[in-house]
Every structure is written in C-alpha cells, then in structure tokens.
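Taking it in order: structure first as structure tokens, then the write-up.
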Amino acid sequence: MRDKDSTEYTGIESFVDEKIKNIDFSWFPFNRAFALKHNDETEGEFKKEVIEKFNTESDEVKRNIKTLHDACTTLSARVSSI
C-alpha cells in the first residue's frame, strides 16, 4: 500500500489505511489467524480433541519409559553378574 495512491485502494485497503491512520489495530487478529477463527462450540470440540490426543500420547510415552526402565534394569543385572 505504500507504493499505491490512496485513490486506487480497494475497499479493504481503504479500511486498513483508515484504521492505521487512527492507530486502531482492533482489526488485526493478534495471536490468531483470521481464517482459523472458530465459534465457541467448534473451538471447545477442538480443545477436547487435542487434550484427548495428548493424554493418549502421554500414556504411550509412559509405557515406553517403563519398557526402557525394565530393559535397563535387566541389562544392569546381567552386567553385574559377569
């Protein structure tokens, strides 16, 4: 927009130009992409799915840690017996 005459602005460009001149950044989607904005129900469902996935993956990580711990314990016992 800096290289464009304001008389050639589109409607959106005019809107943004006016907001910037008035130091009004309420139009800018801070910390959120406008295209990804969800309504409360969709957002709630998305959060629920993320939490469920996290819990599932967390349980798998715990199982893997236990398996590694058991293997280390077995290996340590075998080395000690040598």
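A few points about this structure:
- Pairing residues of segment 6-25 that are free of Cβ contacts under 8 Å to residues at least 12 places away in the same chain with residues that are part of a loop (DSSP other than H, G, I, E, B) and surrounded by 12 or more Cβ atoms within 10 Å (Cβ to Cβ), at Cβ distances under 8 Å and at least 6 apart in sequence or on separate chains, gives Tyr9/Met1; Lys19/Trp27.
- Summed over segment 25-82, residues that are at pLDDT 85 or above and over 23 Å from the mean Cα position of the chain (by Cα) total 20.
The values are calculated or read from the model by the stated rules, or taken from the named source; none is laboratory data. Just so we're clear, the structure is a prediction, and the values are computed from it rather than from any experiment. Quick reminder, even Gly has a Cβ in these numbers, built from the backbone with ideal geometry, and neighbours come from all protein chains shown.
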